Amino acid sequence: LLLGILGAPALGNPGPLEDVVIDRYYIPKICLREAQMGDFIRYHYNGTFKDGKKFDSSYDRGATVAGVVGVGRLITGMDRGLQGMCVNERRHLIVPPHLGYGSIGVAGLIPPDATLYFDVVMLDIWNKNDKLQVTTVSKPERCNRTVENSDFVRYHYNGTLLDGTPFDSSYSKGSTYDTYVGTGWLIKGMDQGLLGMCAGEKRSIIIPPFLAYGEKGYGTVIPPQASLVFSVLLVDFHNPKDGVFLEHLEVPEPCKRRAVTGDFVRYHYNGTLMDGTLFDSSYSRNQTYNTYIGKGYIIPGMDQGLQGVCVGEQRRGGVPPHLAYGENGAGDKIPGSAVLIFDVHVIDFHNPADPVEVETVFRPEGCNVTTRDRDFVRYHYNCSLLDGTRLFSS
């Protein structure tokens with residue numbers, strides 16, 4: 001506080017032309033940038049005299065110091081001593097009187113011609129010209145589409161200050177953060193930083209204060225003028241306008257007819273969340289799922305996704321939550337607002353109104369007598385399911 005308010009030019013005899021003495025006793029291995037003239041910085045410090053007596057401390061006030069470096073708002077010795085620092089760097093500064101409070105001092109606090117000793121740790125550096133920094137850590141091979149404005153997203157995150165101090169985490173709450181993108185429900189930096197992500201993608205997003213919580217900060221965990229670092233994993237996303245997404249993995253030839261509303265379908269499936277987490281499988285039960293389609297017996301997305309299938313076809317369907325289990329989810333395996341992915345293999349289907357289908361494969365020449373009702377017959381046969389699975393054979 002004193003350094004900010006009392007940063008007036010020193011008066012009186014400047015004394016010997018000594019510069020500030022800088023001891024960089026801890027330099028972090030990674031330094032993304034150094035504090036330059038005009039940068040906004042946040043730091044902690046202890047201020048003492050040569051005998052070790054403390055005259056000021058940001059720690060004692062429980063708040064970091066924030067301000068612009070190199071523009072005369074601090075005493076000259078601090079202005080010089082803070083330049084070139086990295087985040088998390090620690091310096092010991094010795095400020096001679098003419099670069100401190102000179103021959104006047106500060107009444108009742110700093111005597112005239114006092115040499116000042118500061119122990120400083122840099123916590124944050126940013127500039128008004130800074131932009132959002134987005135780094136893709138990992139990205140899935142398959143990415144059908146990416147996040148756009150107005151999409152509803154579900155993601156996990158760890159949030160830290162620029163010096164690594166954690167302030168929040170979705171993992172610690174045991175649930176994803178679920179919200180709309182680009183509609184003002186998030187801080188501006190997150191609204192921008194989530195755009196273009198694929199489901200399953202991991203990003204590091206560094207947000208300057210003016211795109212985060214600015215001069216006010218947030219509660220007791222985010223100080224004023226703090227840069228924020230988010231490590232984000234996008235679990236899934238959808239748009240309320242989305243329909244069922246279909247991918248035809250294998251379509252058999254020939255396909256005599258395709259399933260329509262009212263058909264009874266037997267199929268195998270694996271059901272996963274968008275991040276690949278398996279929530280259900282007919283294969284694990286060794287039994288097909290058997291149902292009518294288009295009659296509301298299954299979730300709307302599956303009712304739609306099974307329309308037009310052929311026997312033996314394999315499809316992948318992406319079902320948005322409003323066509324699945326909505327905001328409430330289902331049980332402990334399908335969370336609220338979850339997009340569901342179904343890999344389906346259609347075994348067979350029929351309609352209760354279907355007639356018997358007869359196809360003549362071979363008919364001998366000179367066939368004068370054919371079977372009639374109540375005839376006694378002898379024949380060989382092979383019996384299989386519609387997908388070709390052999391059942392019986394004479």
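The values are calculated or read from the model by the stated rules, or taken from the named source; none is laboratory data. Predicted, not measured: the structure shown is a model, and the values here were computed from it. Cβ atoms come from the backbone with ideal geometry, glycine included; neighbour counts cover every protein chain shown. These area figures cover heavy atoms from the full protein model, side chains too; ligands, DNA and RNA do not enter into them. Shrake-Rupley method; radii C 1.70, N 1.55, O 1.52, S 1.80 Å.
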Worksheet item: Of Lys128/Lys216; Lys29/Lys202; Lys29/Lys131; Lys241/Lys333; Lys53/Lys216, which ones are farther than 21 Å apart at the Cα?
Response: Lys29/Lys202; Lys29/Lys131; Lys241/Lys333; Lys53/Lys216
Item to complete: Sort the following peptides by mean Cβ neighbour count (other Cβ atoms within 10 Å, averaged over residues), highest first: 129-137, 109-117.
Response: 109-117, 129-137
Worksheet, complete the sentence: Mean accessible area per residue over the range 21-126 (1.4 angstrom probe, all protein chains present, square angstrom) is 46 Å²
Worksheet entry | MRE, 222 nm, helices only [DSSP H, n ≥ 4, -39500 (n - 2.57), over the chain, to nearest 500] | -1500 deg cm²/dmol
Worksheet entry | Carbon + sulfur, % of accessible area of the chain - ligands and nucleic acids excluded, 1.4 Å | 52 percent
Worksheet item: If you plug each phi of the range 253-261 into the Karplus form 6.51 cos²θ - 1.76 cosθ + 1.60 with θ = phi - 60°, what whole-Hz ³J(HN,Hα) values come out, in order, with x for Gly and Pro?
Response: 10, x, 10, 5, 8, 10, 5, 10, 3
Worksheet item: So which chymotrypsin sites (Phe, Trp or Tyr not before Pro) in the range 335-371 pass both tests, a DSSP loop state and at most 12 other Cβ atoms within 10 Å of the Cβ?
Response: Phe362
Worksheet item: Hey, if we sort Phe392, Phe152 by accessible area with the 1.4 Å probe, largest down, what's the order?
Response: Phe392, Phe152
Worksheet, complete the sentence: Once normalised by the length of the chain, the mean sequence separation of its alpha carbon contacts under 8 Å that are 6 or more apart gives a contact order in percent of 11 percent
Worksheet item: How do Trp185, Trp126 stack up against each other in accessible area, from largest to smallest, with a 1.4 angstrom probe?
Response: Trp185, Trp126
Item to complete: Could you pull the Rg and Dmax for the chain, using just the Cα atoms, both in Å?
Response: 35.6, 134
Worksheet item: With every protein chain left in place, what is the accessible area per residue of the range 245-350 in square angstrom, probe 1.4 Å?
Response: 49 Å²
Fill in: Two-site FRET efficiency, Cys143 against Ile30, from Cβ-Cβ distance with R₀ of 30 Å, rounded to 0.05
0.55
Worksheet entry | Using θ = phi - 60° and Karplus 6.51 cos²θ - 1.76 cosθ + 1.60, couplings along the range 337-348 (whole Hz; Gly, Pro as x) | 6, 8, 7, 10, 10, 10, 9, 10, 10, 7, 7, 6
Discussion item. As an exercise, identify the trypsin sites (Lys or Arg not before Pro) in the range 184-223 lying in DSSP coil whose Cβ has no more than 12 other Cβ atoms within 10 Å.
Written reply: Lys216
Discussion item. Using a Gaussian network model on the chain with a 10 Å cutoff between Cα atoms, which of Asn144, Asn158, Asn382 fluctuates the most?
Written reply: Asn382
Worksheet item: Just how many % of Cα pairs in the range 21-126 lie over 18 Å apart, if you round to the nearest whole percent?
Response: 46 percent
